[in-house]
Amino acid sequence: MTLYAFIFYLLAIVILIATGLAVTRRQPIHAVLYLIVAFLSTAALFFMLGAPLLAAFIVIVYAGAIMVLVLFVIMLFQQSPKERRLLSEWGPATFLGIVFLAVAVAMVFKDPGSEIVLRGAVAQPRDFGRFLFDRYWLAVEIVSILLLVALVAIIHLSKRRDTEEIERCPSPHPSPPRDEGKGEGVSYQKEGHQ
Amino acid sequence: MTSWLQDASLMAVTLSTWLPFISFLLIIVFTRNQRRLSAGIAIGAVACSLAGAIFLLVRHWGDSVPIQYSARWLVTGDVYIPFGYLLDPLSLLMLCLVAAISFLVQVYSVGYMAGDPGFSRYYAFQSLFAWAMMTLTMSSAMLQLYVFWELVGLSSYLLIGFWYEKFSATQAGKKAFVMTRLGDVAFFIGLLLVLLHLGNLEILEMNSSEAAAHMPPGLLTLAALLIFGGIVGKSAQFPLMTWLPDAMEGPTPVSALLHSATMVAAGVYLFARLFPFLTHSADAITVFLVIGTVSMLLASTMAMVSRDIKRVWAYSTISQLGFMIMGLAAGSLFAGSFHLTTHAGFKALLFLCSGVWVHLYETNDVYDISRRGGRRLKIPMACLVIAAAALSGLPPLSGFFSKEVILEALAGLRNPVWLAAALLGVFLTAYYAFRLVFIILFPRGEVQEEPNHHRMGTLYWAMGCPLLVLACVTVVLGLLQMPLRQFLSAGIATHQDSGHAWLFSLSVGLAALGVGVAWFEFGRRAALQVGFVERMPLLKDLFAQRWYLDHVYRRFVDIVIDGFFSKACTKNEDRVINKSIDELSHFTLDSGDLLSFLQSGKLRYNLIVMFAALGLVALYFLVA
Amino acid sequence: MIVPLGHVFVLAGLIFAMGLVCLVAHRNLIMTLIGVEVMMNAAAIAFVAAALRWQLMEGQAFVLFILAVSAAEISLGLMLVVSVYRRTGSIDPDRYDILKW
């Protein structure tokens, strides 16, 4: 086992543990923090797999911007309800995850191409940048438009109307009898226009 | 087919038959609000038709071979049904008759229907009828004839129910249509039988001798009887006879045109048309004779007690049609056709004369008319007497000649019962005809003064001139017997006079006897104006209730149709059809309820399902 | 020289499965979005490994795009969560069952 392989497995374990912890936390803030660890490990993994620019981007964008954004939004919520009845909720999801995993692993090992050992190489940032703007400049532009659109949408959605109120939703209710029209459900306030 | 414009006959026949249809369309679409224009268009169209008919009659007088024009209409597989015109003596004569009486009646209607709000509609329907009837007479194939047969029935319905605000009128129209429809169903089945065996429905082919060879005798009898069913319906014979008296709800000119001279004569015309075909089977001939005789006698008895002037003539029409059918079934084509022609003349005259009084006094009751001084109107009164005399068969009017021919034909049969029945019918006819005449002629009691007798100017003459024309025809037509016989018999072996001289005196004697009895009971100064039948309450009720035929039908409809079929169908509808659909919908709802647990409304389960599907796809790619 | 390709893919698969579990098992919308982020992370790892195996840089370009799209998507998603929270006061997806029969 070469040094690189050893580093790889080490990083893999870190990622796995961090992600595993992230998904099982009850408080979202804890989950986000663990996730940041996982992303930093992922960045290291990218370094090793020959994508230094991407690693930098992961750190800056993912761990630096996106997770911070999530933290801000979590901060906006005044209540973070404790989750109840964990076990019954986790059942189907875990089962699904295991099945999915089994299928994926089987798929991977069925293919003979997965035996190939990766050879180390590095994509220098200069080369990568030139390559990107040579061949995929259109995709880059489109991605920038996408970000612009997202920006506009968010600004529009975030406008709070003066007449809006926060309505508390009622406790879960039994299903209504068949002959009535709509069920009670969550009452939505009528917006003026959208 | 010869070129349309070159052949004058084809052009004449096409114009004659289609001009009234164009007039119908014009009136219905454009000139609903302009009365004079509508009447002008209709009368103009019928006048052209009359001119065309006379032209054709004159041109083809003496032709021994019928001329047929046909065009392809329905062609499928083995079946070829053309649309065409058949010009032979019978059809030309009938065309003239129809056109002439239509024309006279439409002129008469200018006076009769003056002031009626539906004036234009009336003339539109009259044109529709004229078109349908004329094309029916000129048809060369049975399917075309059937189509126009139905159209004639339709226009009859429209005209009977012309004053549709009156409930009785709409009821009468419905009754007429349904009853004739019953006959038409049998007619159609008979036509189908013929079509199946012969392959086509052309009249010339059906009448030829090869046709009889193609069909087995049982089937031939059956087809003949079924086609006769249509005749029974249309010509109001027993048992489908009660619609005709009710059809008197329509305006009197309609009764004169449709229900005496032309539409109901279409049945007899059909018989004459298919004469060789229908008389192949001796059993069928016997049935025809029976039905004709029964109708004749039943209707005569009903006429003897009726107080409604139009109803009397309606019963008389049924009776005379039965008489014509007897003559045709006895084997003489000329007998039936000649009586058809003369009957059209004097029956229309009878109705039109009655119409003058009905229009003036607005009552149908004979005694009312006589009390109000009906006899003061000279022209209707004189024409009524002439027509009644013709109906009774008094010489030298046309009715006498035509009745003689029929009686001679009946005398040629082996069984004397038919002749005896016919002679009884002659007596009864004379009796009821002159009963009516004497009631009007010799009113009892105070005669009311009607001050406005001669206030009508042109309208009076519009009604009066047709009366005079028809009266002249009635007088003169009998003298044309020999030429007509030659004309109609062209191509068929001429019938020899069998020299039944005693028949002549017997029938005249019976007619005179009938007149005498009527005079005794109604005409004499001291008479009570109550008939001998009316003194017997049992018979009076029987005859007045039309031999309870209507009651029998009502009972039949109530018990069998309403009570049985309707109830069965209603039950089927409720318990089977509706119930099954209800159950289907309940099943749908219940199964939806059952499966509604799947929709928990939780976002996460939707996501689980989505990813599970993705996993299944991956599994597929793994395995496959 | 490093590891067989299959191993890297197995790693990516494991991370993906964990992200899937996080997505569907939490009654908190934020955790749902975090699950999506984890899954995208797994995809990025897989792409980079593939780029190294075939020595092509397209894989890495694609990871860049994944990054950008993920940024856009999570910001929008968070905004929607905030909107829903403002309307209903709860971020439990089980509460939003007005369409349930």
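Name, by its number, the condition in (1) within 18 Å of A:Arg25 (Cβ to Cβ); (2) open to solvent by 20 Å² or more (accessible area, probe 1.4 Å) that does not hold for C:Ala50.
(1)
Output the residues belonging to the stretch B:134-156 that are of a type in the set (Ser, Thr, Tyr) and either surrounded by 22 or more Cβ atoms within 10 Å (Cβ to Cβ) or touching a Ser or Thr at 6+ places or on another chain (Cβ under 8 Å) (or both). Reasoning before the result, please.
Our first condition is that a residue be of a type in the set (Ser, Thr, Tyr); within the stretch B:134-156, this holds for B:135, B:137, B:139-140, B:146, B:155-156.
Listed by number, the residues that qualify are B:Thr135, B:Thr137, B:Ser139, B:Ser140, B:Ser155, B:Ser156.
Tell me, yes or no, whether the stretch A:95-114 has at least one residue that is modelled with pLDDT of 55 or more, at the interface with another protein chain (Cβ under 7 Å from one of its Cβ atoms) and open to solvent by 100 Å² or more (accessible area, probe 1.4 Å).
Looking through the stretch A:95-114, at least one residue is modelled with pLDDT of 55 or more, at the interface with another protein chain (Cβ under 7 Å from one of its Cβ atoms) and open to solvent by 100 Å² or more (accessible area, probe 1.4 Å).
How many residues are surrounded by fewer than 23 Cβ atoms within 10 Å (Cβ to Cβ) and within 7 Å of chain C (Cβ to nearest Cβ) if we restrict to the stretch A:51-64?
The first filter runs over the stretch A:51-64 and keeps only residues surrounded by fewer than 23 Cβ atoms within 10 Å (Cβ to Cβ), leaving A:52-53, A:55-57, A:59-61, A:63-64.
From the residues that got through so far, the ones that are within 7 Å of chain C (Cβ to nearest Cβ) too are A:57, A:61.
Residues meeting the conditions: 2.
For the stretch B:241-279, how many residues meet the condition of being outside any helix (DSSP H, G or I), under 14 Å from the mean Cα position of the chain (by Cα) and either modelled with pLDDT of 90 or more or surrounded by fewer than 24 Cβ atoms within 10 Å (Cβ to Cβ) (or both)? Working first, answer last.
Going through the stretch B:241-279, the residues outside any helix (DSSP H, G or I) turn out to be B:241-242, B:250-251, B:262-264, B:274, B:279.
Now restrict to residues that are under 14 Å from the mean Cα position of the chain (by Cα): B:241-242, B:250, B:262-264.
Going one step further and asking which of them are either modelled with pLDDT of 90 or more or surrounded by fewer than 24 Cβ atoms within 10 Å (Cβ to Cβ) (or both), we end up with B:242.
Adding up the residues that qualify gives 1.
C:Gly13 fails exactly one of the following numbered conditions: (1) in contact (Cβ under 8 Å) with a residue 40 or more places away in the chain; (2) more than 30 Å from B:Leu595 (Cβ to Cβ). What is the number of that condition?
(1)
Of C:Ile66, C:Ile74, which residue is open to solvent by less than 20 Å² (accessible area, probe 1.4 Å) and either outside any helix (DSSP H, G or I) or under 25 Å from A:Pro52 (Cα atoms) (or both)? Even if it seems obvious, please write down each step before you answer.
Details: C:Ile66 fails: open to solvent by less than 20 Å² (accessible area, probe 1.4 Å).
Exactly one of C:Ile66, C:Ile74 is open to solvent by less than 20 Å² (accessible area, probe 1.4 Å) and either outside any helix (DSSP H, G or I) or under 25 Å from A:Pro52 (Cα atoms) (or both), namely C:Ile74.
Name the residue, out of A:Ala51, A:Ala38, that is free of Cβ contacts under 8 Å to residues at least 40 places away in the same chain and among the aliphatic types (A, V, I, L, M). Let's see the steps before the verdict.
Numbers: A:Ala51 fails: free of Cβ contacts under 8 Å to residues at least 40 places away in the same chain.
Every option except A:Ala38 fails the conditions.
Just checking, does the stretch B:126-134 include any residue being in a helix (DSSP H, G or I), polar (S, T, N, Q) and closer than 25 Å to B:Val46 by Cα? Spell out the reasoning first.
Taking the stretch B:126-134 first, the residues in a helix (DSSP H, G or I) are B:126-134.
Adding the requirement that they be polar (S, T, N, Q) leaves B:126-127.
With the extra rule that they be closer than 25 Å to B:Val46 by Cα, the set shrinks to B:126-127.
Yes, some residue in the stretch B:126-134 is in a helix (DSSP H, G or I), polar (S, T, N, Q) and closer than 25 Å to B:Val46 by Cα.
Matching residues to (1) touching an Asp or Glu at 6+ places or on another chain (Cβ under 9 Å); (2) within 14 Å of chain B (Cβ to nearest Cβ):
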| residue | (1), (2) |
| --- | --- |
| C:Arg27 | yes, yes |
| C:Ala43 | no, yes |
| C:Ala51 | yes, no |
| C:Val63 | no, no |
| C:Ala71 | no, no |
| C:Tyr85 | no, no |
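Quick one: which of B:Phe565, B:Phe556, B:Phe611 is open to solvent by less than 50 Å² (accessible area, probe 1.4 Å) and either out of contact with any Asp or Glu (no Cβ under 6 Å at 6 or more places or on another chain) or hydrophobic (A, V, I, L, M, F, W, C) (or both)?
Working: B:Phe565 fails: open to solvent by less than 50 Å² (accessible area, probe 1.4 Å); B:Phe556 fails: open to solvent by less than 50 Å² (accessible area, probe 1.4 Å).
B:Phe611 is the lone residue from the list that is open to solvent by less than 50 Å² (accessible area, probe 1.4 Å) and either out of contact with any Asp or Glu (no Cβ under 6 Å at 6 or more places or on another chain) or hydrophobic (A, V, I, L, M, F, W, C) (or both).
Among the residues of the stretch B:195-208, which ones are open to solvent by 50 Å² or more (accessible area, probe 1.4 Å) and in contact (Cβ under 8 Å) with a residue 12 or more places away in the chain? Steps first, please.
Step one: of the stretch B:195-208, the residues open to solvent by 50 Å² or more (accessible area, probe 1.4 Å) are B:196-197, B:204-205.
Passing the criteria: B:His197, B:Leu204.
Quick check on B:Ser295: is it open to solvent by less than 10 Å² (accessible area, probe 1.4 Å) and either charged (D, E, K, R) or outside the structural domain of B:Leu538 (by TED's automatic domain parsing) (or both)? Let's see the steps before the verdict.
Details: open to solvent by less than 10 Å² (accessible area, probe 1.4 Å): yes; either charged (D, E, K, R) or outside the structural domain of B:Leu538 (by TED's automatic domain parsing) (or both): yes.
Answer is yes for this residue.
Quick test for you: out of B:Leu528, B:Leu510, B:Leu506, pick the one residue that is open to solvent by less than 50 Å² (accessible area, probe 1.4 Å) and of a type outside the set (Phe, Trp, Tyr). Steps first, please.
Working: B:Leu528 fails: open to solvent by less than 50 Å² (accessible area, probe 1.4 Å); B:Leu506 fails: open to solvent by less than 50 Å² (accessible area, probe 1.4 Å).
The unique qualifying residue is B:Leu510.
Name the one entry in C:Gly35, C:Gly19, C:Gly6 that is without any contact (Cβ under 8 Å) to a residue 12 or more places away in the chain and of a type outside the set (Lys, Arg). Before you say what the answer is, go through the steps one by one.
Working: C:Gly35 fails: without any contact (Cβ under 8 Å) to a residue 12 or more places away in the chain; C:Gly19 fails: without any contact (Cβ under 8 Å) to a residue 12 or more places away in the chain.
Residue meeting the stated conditions: C:Gly6.
Spot the failing condition for B:Ala236; the list is (1) open to solvent by less than 10 Å² (accessible area, probe 1.4 Å); (2) under 27 Å from B:Met463 (Cα atoms); (3) modelled with pLDDT under 90, and only one is missed.
Unmet for B:Ala236, out of (1) open to solvent by less than 10 Å² (accessible area, probe 1.4 Å); (2) under 27 Å from B:Met463 (Cα atoms); (3) modelled with pLDDT under 90: (2).
Looking only at the stretch A:5-20, filter to residues that are within 28 Å of A:Trp90 (Cα to Cα) and of a type in the set (A, V, I, L, M); which one of those is surrounded by the fewest Cβ atoms within 10 Å (Cβ to Cβ)? Give the steps one after another, and end with the answer.
Restricting attention to the stretch A:5-20, the residues satisfying the condition of being within 28 Å of A:Trp90 (Cα to Cα) are A:11-20.
Then keep just the ones that are of a type in the set (A, V, I, L, M); that gives A:11-18.
Values: A:Leu11: 20, A:Ala12: 20, A:Ile13: 12, A:Val14: 17, A:Ile15: 25, A:Leu16: 16, A:Ile17: 14, A:Ala18: 19.
The extreme case among them is A:Ile13.
Since B:Arg535 meets every condition but one in (1) open to solvent by 90 Å² or more (accessible area, probe 1.4 Å); (2) more than 14 Å from every other protein chain (Cβ to nearest Cβ); (3) of a type outside the set (Ser, Thr, Tyr); (4) in a helix (DSSP H, G or I), which condition does it not meet?
So the condition that B:Arg535 fails would be (4).
The values are calculated or read from the model by the stated rules, or taken from the named source; none is laboratory data. Computed from a predicted structure; not experimentally measured. Cβ coordinates were reconstructed from backbone atoms using ideal geometry, including for glycine residues, and neighbour counts include every protein chain displayed. Accessible surface areas use protein heavy atoms only, side chains included; no ligands, DNA or RNA. Shrake-Rupley method; radii C 1.70, N 1.55, O 1.52, S 1.80 Å.
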